[in-house]
Amino acid sequence: MKLHDPAMFTGNAEDPALVGQKCRACGKVAFPRKRVCPGCFGESLDDHVLSTTGVLHTFTCTHVGAPHLPSPYLLGFVDVPEGVRLLSLLTDCDPWEEVLRVGMPMEMVMRPLMRDASGEDLYTYKFRPAGQKRTNP
Amino acid sequence: MNLRDVVVVGIGETKFGKHTGRSITDIGAEACVKAIKDAGVGHRQVQVATGGYACQWNAPLGQYYALPQIVLREIGITDIPIMRTESGCATGSVAFRDVWYRIATGEYDVGLAFGVEQMNVADSSSILHQISDHIPERDGDLGLTAAGIYGLMAHRMMAQNGVTREQLARVVVKNRRFGSRNPLAQFPDPVTEDEVLNARMISDPLTLYMCCGRGDGAAAAVLMDAATARRYGTGHVRVAANVLTSGSYPDDRDFTTFDADVRAADQAYEMAGLGPEDLDIAEIHDSFAPAEIKHYEDLGFCERGEGGAFLDEGRSDMGGDIVVNTSGGLLSKGHIIGATGISQIGELVKQLRGAAGGRQVEGARVGLQHNSGGYVHTEFCSCAINILTV
């Protein structure tokens, strides 16, 4: 699985996890990893793997959007328990008008986002309603 | 720090719309000439100038070199310090602040601020690419658009505060009605609630008319310290507060409010010694319909969660508590990135002079201007607020 942005992930190639950082001094979690802790400017930072579950803060269905994504597509903010709000494409939730609800539990999956110059799929994280079956590519 | 009183002595704007047959230099120069004539000052009296534009929309380089100096050379303003600002959609307001600050601190007595943009030279997909790939979260690659940001906001407002699609449409109806009375607006026709609701979907629940258009244009203002201004022009408008701040980008705040807007408004009211109850008019950043409802709450026009009701009760319409976006707002004028902030100030100046024609708010004496710029993660990068008084 070729990753869209390897800097966001850790773990083995077939089962990557989102990774941020946790500051040893102040405990702030940040994502993606940064040069210093944006809370206290500390430099003692440990990798901090983010949960694969979270809560849907809000969502939208974009009909006129980024040219590399087939429209319409669904976007949401998903709050993971580590205190990070992730912008995420949403998947496996047709019909979205009936399925998606603010505050519902979500789970992470790895899906293709776009292709590189050689035509190979680049994967990133997406979220779907918890327990939903795979219906989208 | 002791700051001097600064007043706006002259304003000038081009029509907002398509100016594809002209250079950006000429568009900028038109607004500057108008502002200088309006101020009744000689162009050689201008001691300092700042020009803002966000982007060179038609070229991969993305920037013009020394555009403000080149614009001002066209109208004979040379031999003075000239700066350029860029702060996304708040670019014009930051140019205005730069000149305000240099005069308020006593460095100069007479200054010119302008903002210009020429966006019709580019297509929409190249504009999307301009916005994305320096953001660590890769928002652009993940499909976030400007309308997407407000689609996210609108769904949270609907779930949290009971805001309706109809209320979003009524923001547009109000602002387009005002815009039909502003000869400089790009979209001169009023629209009905049904037309707005039935227009093409852009990012649910936002239809086309709930999204500002783009375009070409410029706006300029001449500023002076109050003592110098007594020798020039008429209809001076005092800058009672000028505030600029940046986002805090929280992970845990409800996506119906922006911390930067709340902080900037608090600072502006304190600086002016005024509160939202003192405002007669406001020009606020209605780039997308839900933004206006959010701003009512963040700027203290009403209680939190009451933005939809504030609109429905007519409190932001003619005859209401604070008449909002009498220019027609970005929804009628189009959002001409670099020009928008100073254009908003221009509308307040016209209103406070009693010169706003068919959209005049009778007896307007205090106005607030609000301009958001740039976006990353969960918040705007810049928030600029001016409070103007007569």
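Couple of notes before you dig in:
- Candidates A:Val109, A:Val80 - the one that is out of contact with any Lys or Arg (no Cβ under 9 Å at 6 or more places or on another chain), more than 27 Å from B:Arg200 (Cα to Cα) and of a type in the set (Val, Ile, Thr): A:Val80
- Any hit, segment B:280-288, residues being small (Gly, Ala, Ser) and touching a Leu at 6+ places or on another chain (Cβ under 9 Å): yes
- Number of positions in segment B:66-92 that are part of a helix (DSSP H, G or I) and touching a Gly at 6+ places or on another chain (Cβ under 6 Å): 4
- Among the residues examined, B:Val361 does not qualify as in a helix (DSSP H, G or I) and in contact with a strand residue (DSSP E or B) (Cβ under 9 Å, 6 or more places away or on another chain).
- Restricting attention to segment A:1-25, the residues being in a helix (DSSP H, G or I) and among the basic types (Lys, Arg) number 0.
- Answer residue from segment B:3-31, given it is in a loop (DSSP other than H, G, I, E, B) and among the polar types (S, T, N, Q) and is surrounded by the most Cβ atoms within 10 Å (Cβ to Cβ) among those: B:Thr14
- Flag if B:Ala219 is crowded, with 20+ Cβ neighbours inside 10 Å, assigned by TED's automatic domain parsing to the domain that holds B:Lys37 and more than 30 Å from A:Arg85 (Cβ to Cβ): yes
- Complete set of residues in segment A:116-134 that are under 19 Å from A:Pro67 (Cα atoms) and exposed (fewer than 13 other Cβ atoms within 10 Å of the Cβ): A:Asp116, A:Ala117, A:Ser118, A:Gly119, A:Glu120
- Only a single criterion out of (1) buried (at least 24 other Cβ atoms within 10 Å of the Cβ); (2) of a type outside the set (D, E, K, R); (3) touching a helix residue (DSSP H, G or I) at 6+ places or on another chain (Cβ under 7 Å) is not satisfied by B:Gly346, namely (3).
- Selection status of B:Asn120, in a helix (DSSP H, G or I) and either within 14 Å of another protein chain (Cβ to nearest Cβ) or of a type outside the set (A, V, I, L, M, F, W, C) (or both): no
- Residue count for segment B:357-371, restricted to those that are over 12 Å from B:Asp280 (Cβ atoms), surrounded by fewer than 24 Cβ atoms within 10 Å (Cβ to Cβ) and in contact with a helix residue (DSSP H, G or I) (Cβ under 9 Å, 6 or more places away or on another chain): 2
- Going through (1) of a type in the set (A, V, I, L, M); (2) within 19 Å of the chain's Cα centre (by Cα); (3) outside any helix (DSSP H, G or I) one by one, B:Ala95 falls short only on (3).
- All strands (runs of 3 or more DSSP E) inside segment A:35-124 with 1 or more residues being at pLDDT below 95 and within 13 Å of another protein chain (Cβ to nearest Cβ): A:105-115
Yes/no matrix, rows are residues, columns are (1) part of a loop (DSSP other than H, G, I, E, B); (2) out of contact with any strand residue (DSSP E or B) (no Cβ under 8 Å at 6 or more places or on another chain); (3) at pLDDT 95 or above; (4) crowded, with 24+ Cβ neighbours inside 10 Å:
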position	(1), (2), (3), (4)
B:Val33	no, no, yes, no
B:Arg44	no, yes, yes, no
B:Tyr64	yes, yes, no, no
B:Ile103	no, no, yes, yes
B:Tyr108	yes, no, yes, no
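- Filter pass, B:Thr207 being over 18 Å from B:Lys333 (Cβ atoms), within 14 Å of chain A (Cβ to nearest Cβ) and of a type in the set (Val, Ile, Thr): yes
- Failed item, numbered, when B:Arg73 is tested on (1) within 24 Å of the chain's Cα centre (by Cα); (2) more than 8 Å from every other protein chain (Cβ to nearest Cβ); (3) not small (Gly, Ala, Ser): (1)
- From B:Gly300, B:Gly334, B:Gly319, residue being assigned by TED's automatic domain parsing to the domain that holds B:Met158 and free of Cβ contacts under 8 Å to residues at least 12 places away in the same chain: B:Gly319
- Taken as a whole, the condition of being crowded, with 24+ Cβ neighbours inside 10 Å and either in the same structural domain as B:Ala185 (by TED's automatic domain parsing) or in contact (Cβ under 8 Å) with a residue 60 or more places away in the chain (or both) applies to B:Gly341.
The values are calculated or read from the model by the stated rules, or taken from the named source; none is laboratory data. A quick note: this is a predicted structure, and the numbers were derived from the prediction, not measured. Backbone-built Cβ (ideal geometry, glycine too); neighbour counts: all protein chains shown.
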